[in-house]
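Input: a single structure, listed below in structure tokens.
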Amino acid sequence: MKLLVTGGAGFIGSNFIRYWLREHPEDEMINLDSLTYAGNLENLSEVEKDQRYTFIKGDITDEAVVAQAMAKVEAVVHFAAESHVDRSILSPEAFIQTNVVGTYKLLEAARQKNLRFHHVSTDEVYGSLPLDSQTRFNENSPYQPNSPYAASKAASDHLVRAYSKTYKLPVTISNTSNNFGPYQFPEKLIALAITNLIEGKKVPLYTPGNQVRDWIFVEDHCRGIDLILSQGKIGETYLLGGATEYVTNREVVEQIIRLMKQPETMIEVVPDRPGHDVRYAVDWSKAKKELGYQPHKSFADNLAETIDWYQTHEAWWRRVKHG
């Protein structure tokens, strides 16, 4: 099979490309990426000379580039997105263009060829859960996005569903919890905390620090998408999580500090951001029952592996972090 991956130079996309070429040696991949600040071809240095891999620099809102990228593929895995909530609060327009208009352009091109289309989304489209609740998001949870980023991803989810229902495009959707792992741009909490501590800087923590996220290791996410592509039902949505939904942001930072043998004084509490969701929790029982999905390691083991990666790849993240 030949796949088109959009946003393949980013954090999750590059991990997926490396994963897929390793697990499916007979397949070929095209990577379409516009190389914004979070796109980095260094993420794919180990496969850049692989004859099964092709890179195309281009924007998913460019119809001609999209048509070129889709010319000879059989399936599309759509990662490309603006994804940082804080940036969406400061400048929402880029999120509308990439996440909404870009997804529309891809769907239109895929419709012309009736391509298998997998859309990668987020649990943030469902809004926020109460801290004192045991409830979790599932595939039937109502959409209640609270940030421009989440709203743009919600809109893209709805477009994908509409193309499935209206045009019978063979689609699937995955909504995943917060990812972490190697090659993550150091603006997200775990990568930022690790790199700041290596640099001797404090770790900013939004007040009061009791926000809860369900953290999924990026390799588990890649494996989950693989299962959806091979076994998932057309037209269905699957939630993918990491079974860590009762760990607060403060506890995550404190665990990183302990593993890196730093004092807790390295935490710097900062004012909360507008519209900050309090709790995310993902019920991935459907993916487990239908696909056999489950995380391979514990959060603690994956966190230790991530810290080790950043400690041994300092040249990579310093170039990324400091331009």
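The values are calculated or read from the model by the stated rules, or taken from the named source; none is laboratory data. All figures in this text were calculated on a predicted structure; none of them were measured in a lab. Positions of Cβ are generated from backbone atoms using ideal geometry, with glycine treated the same way; all protein chains shown enter the neighbour counts.
Some notes on this structure:
- Being touching a residue at least 12 places away in the same chain (Cβ under 8 Å) and either more than 20 Å from T176 (Cβ to Cβ) or in contact with a Phe, Trp or Tyr (Cβ under 9 Å, 6 or more places away or on another chain) (or both) is a description that applies to E254.
- From the list K201, K168, K153, the one residue that fits, being of a type outside the set (A, V, I, L, M) and more than 26 Å from L229 (Cβ to Cβ), is K201.
- Residue, modelled with the lowest pLDDT, within region 271-306, restricted to residues that are touching a Ser or Thr at 6+ places or on another chain (Cβ under 8 Å) and over 13 Å from N138 (Cβ atoms): G275
- Qualifying residues in region 191-214 (those that are surrounded by fewer than 16 Cβ atoms within 10 Å (Cβ to Cβ) and of a type in the set (S, T, N, Q)) - the one nearest to A243 (Cα to Cα): N210
- Flag for Y149 being among the hydroxyl-bearing types (S, T, Y), in contact (Cβ under 8 Å) with a residue 40 or more places away in the chain, buried (at least 22 other Cβ atoms within 10 Å of the Cβ) and in a helix (DSSP H, G or I): yes
- Some residue of region 166-176 being closer than 17 Å to T244 by Cα, crowded, with 17+ Cβ neighbours inside 10 Å and in contact (Cβ under 8 Å) with a residue 12 or more places away in the chain: yes
- Within region 239-248, considering residues that are surrounded by fewer than 24 Cβ atoms within 10 Å (Cβ to Cβ) and either touching a residue at least 40 places away in the same chain (Cβ under 8 Å) or within 17 Å of the chain's Cα centre (by Cα) (or both), the one farthest from K288 (Cα to Cα): V247
- Residue in region 259-270 that is in contact with a Pro (Cβ under 8 Å, 6 or more places away or on another chain) and crowded, with 18+ Cβ neighbours inside 10 Å present: no
- Looking only at region 157-214, and only at residues there that are in a strand (DSSP E or B) and of a type in the set (V, I, T), the one that is farthest from the chain's Cα centre (by Cα): V203
- Given (1) modelled with pLDDT of 95 or more; (2) small (G, A, S); (3) surrounded by fewer than 16 Cβ atoms within 10 Å (Cβ to Cβ), number of the condition S91 does not satisfy: (1)
- Failed item, numbered, when L131 is tested on (1) at pLDDT below 95; (2) aliphatic (A, V, I, L, M); (3) touching an Asp or Glu at 6+ places or on another chain (Cβ under 7 Å): (3)
- Selection from region 55-105 of residues that are touching a residue at least 24 places away in the same chain (Cβ under 8 Å), among the hydroxyl-bearing types (S, T, Y) and farther than 19 Å from I12 by Cβ: T61, Y104
- The one condition from (1) surrounded by fewer than 19 Cβ atoms within 10 Å (Cβ to Cβ); (2) touching a residue at least 24 places away in the same chain (Cβ under 8 Å); (3) touching a helix residue (DSSP H, G or I) at 6+ places or on another chain (Cβ under 8 Å); (4) farther than 27 Å from I234 by Cα that D27 does not meet is (4).
The rows are residues; the columns are (1) free of Cβ contacts under 8 Å to residues at least 12 places away in the same chain; (2) among the hydrophobic types (A, V, I, L, M, F, W, C); (3) closer than 20 Å to F11 by Cβ; (4) surrounded by 14 or more Cβ atoms within 10 Å (Cβ to Cβ).
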site	(1), (2), (3), (4)
P274	no, no, no, no
R279	no, no, no, yes
V282	no, yes, yes, yes
G292	no, no, no, no
A300	no, yes, no, no
I307	no, yes, yes, yes
Y310	no, no, yes, yes
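- Residue selected from region 33-68 under the condition under 30 Å from K321 (Cβ atoms) and among the small types (G, A, S), by the criterion surrounded by the most Cβ atoms within 10 Å (Cβ to Cβ): A38
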